[in-house]
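The values are calculated or read from the model by the stated rules, or taken from the named source; none is laboratory data. Since we're looking at a predicted model, the values are computed, not measured. Every residue, glycine as well, gets a Cβ built from its backbone with ideal geometry; the counts of neighbours run over all protein chains shown.
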Amino acid sequence: MTAKTRDLPIGVFDSGVGGLTVLKALRERLPRESLVYLGDTARLPYGTKSAAAVSHYAVQATHALVATGIKALVVADNTSSAHALETLRAEFRGLPVIGVIEPGAAAAGHASAAGRIAVIATESTVQAGTYPRAVLHSRPGAQVLSQACPLFVSMVEEGMVDGPIAEQIARHYLASLFLDPPQQQRYDCLLLGCTHFPALEPMLRRILGPDVAIVDSATTSASAVEDLLVHRRLATHRDQGSVRYMATDAPERFARVAGVFVSWPLTAAEVELIDIG
């Protein structure tokens with residue numbers, strides 16, 4: 001592998017801004033790597049689209065990222081990870097492609113002491129059933145239940161990641177899994193199956209207490225990317241990486257909402273508006 005290839009950025013694709021949690025995890029774990037992020041904000045949410053449409057959009061987004069020159073692709077969108085991963089691997093042979101579902105599912109399988117794992121996600125991700133299948137693949141015999149939390153995405157994008165209203169909604173969603181049943185019937189692991197949800201993790205940890213393991217698919221995906229770079233000898237040797245942002249619509253809103261997901265300032269002028277088809 002040439003030094004020129006190793007110094008290429010990692011592409012990160014999401015239907016909107018939620019994948020910035022994955023970008024943040026990548027920056028924290030791999031500070032030397034450069035990253036280019038594409039949010040298909042013109043066509044979000046993907047969760048309401050057909051599997052065929054999602055695959056088509058994901059291919060278009062990947063073409064746009066490949067045109068910038070990338071050495072690997074991280075599909076930070078759960079819906080695309082559920083429906084388009086194999087299509088992308090077939091279309092872009094030779095490009096390493098990592099989704100967020102498999103790393104998170106594997107980590108949950110290891111983190112759960114009793115094998116009772118609850119997945120919270122959007123309705124479309126729950127209906128796809130991809131997370132339970134992935135968890136059972138890594139831990140056969142586990143008891144896996146998926147819970148749709150549709151209000152969480154809007155809450156996070158409005159910056160409501162804590163406070164009385166956010167906590168009341170969270171308790172409503174989590175009560176039947178963790179709070180109301182007798183101790184022996186409760187789930188002991190919570191898998192955050194949406195890239196928006198890590199923003200709620202501090203509040204969720206406070207509600208659930210120390211006996212529940214919380215698995216963040218953003219962090220586990222960053223770990224999987226690190227393993228891939230080492231295995232394929234793709235890790236850069238530069239001192240510090242850079243980040244490039246692209247969006248297909250509304251860079252002003254992208255920059256505003258980004259503040260919920262990342263810990264550094266971002267202005268609309270830093271978000272490149274592109275057309276991917």
Taking the options 63, 56, 110, name whichever one is in the same structural domain as residue 195 (by TED's automatic domain parsing) and either acidic (Asp, Glu) or surrounded by fewer than 21 Cβ atoms within 10 Å (Cβ to Cβ) (or both). 110
Scan of segment 10-32 for residues that are assigned to a loop (DSSP other than H, G, I, E, B) and within 18 Å of the chain's Cα centre (by Cα), ordered by number: 15, 16, 17, 18, 19, 30
Exactly one of (1) surrounded by fewer than 19 Cβ atoms within 10 Å (Cβ to Cβ); (2) closer than 27 Å to residue 77 by Cβ; (3) among the hydroxyl-bearing types (Ser, Thr, Tyr) is unmet by residue 220. Its number? (1)
Could you check residue 179 against (1) crowded, with 16+ Cβ neighbours inside 10 Å; (2) more than 26 Å from residue 20 (Cβ to Cβ); (3) touching a helix residue (DSSP H, G or I) at 6+ places or on another chain (Cβ under 9 Å); (4) not aromatic (Phe, Trp, Tyr) and say which number it fails? (1)
Residues satisfying the stated conditions in segment 162-180, i.e. part of a helix (DSSP H, G or I) and under 30 Å from residue 256 (Cα atoms): 164, 165, 166, 167, 168, 169, 170, 171, 172, 173, 174
Has segment 120-133 got at least one residue that is farther than 22 Å from residue 54 by Cβ, small (Gly, Ala, Ser) and either buried (at least 18 other Cβ atoms within 10 Å of the Cβ) or assigned by TED's automatic domain parsing to the domain that holds residue 259 (or both)? no
Among residues of segment 139-162 being at pLDDT 95 or above and surrounded by fewer than 14 Cβ atoms within 10 Å (Cβ to Cβ), the residue nearest to the chain's Cα centre (by Cα) is 140
For the structure I just gave you, tell me whether residue 86 is surrounded by fewer than 20 Cβ atoms within 10 Å (Cβ to Cβ), without any contact (Cβ under 8 Å) to a residue 60 or more places away in the chain, within 18 Å of the chain's Cα centre (by Cα) and farther than 22 Å from residue 264 by Cβ. yes
Filter segment 66-83 down to the residues that are at pLDDT below 95 and not polar (S, T, N, Q), then identify the one that is surrounded by the most Cβ atoms within 10 Å (Cβ to Cβ). 77
How many residues of segment 1-29 are surrounded by fewer than 24 Cβ atoms within 10 Å (Cβ to Cβ), hydrophobic (A, V, I, L, M, F, W, C) and touching a helix residue (DSSP H, G or I) at 6+ places or on another chain (Cβ under 6 Å)? The answer is 1
Here are some residues: 234, 174, 208. Which one is under 23 Å from residue 30 (Cβ atoms) and not acidic (Asp, Glu)? 234
Within segment 264-272, can one find any residue that is in contact (Cβ under 8 Å) with a residue 40 or more places away in the chain and surrounded by 13 or more Cβ atoms within 10 Å (Cβ to Cβ)? no
Within segment 145-161, residues being assigned to a helix (DSSP H, G or I), aliphatic (A, V, I, L, M) and in contact (Cβ under 8 Å) with a residue 60 or more places away in the chain number 2
Kindly list, by first and then second residue, each pair from a residue in segment 237-261 that is touching a residue at least 40 places away in the same chain (Cβ under 8 Å) to a residue that is β-branched (Val, Ile, Thr) and part of a helix (DSSP H, G or I), limited to pairs with Cβ atoms under 7 Å and residues at least 6 apart or on different chains. 260/156; 261/21
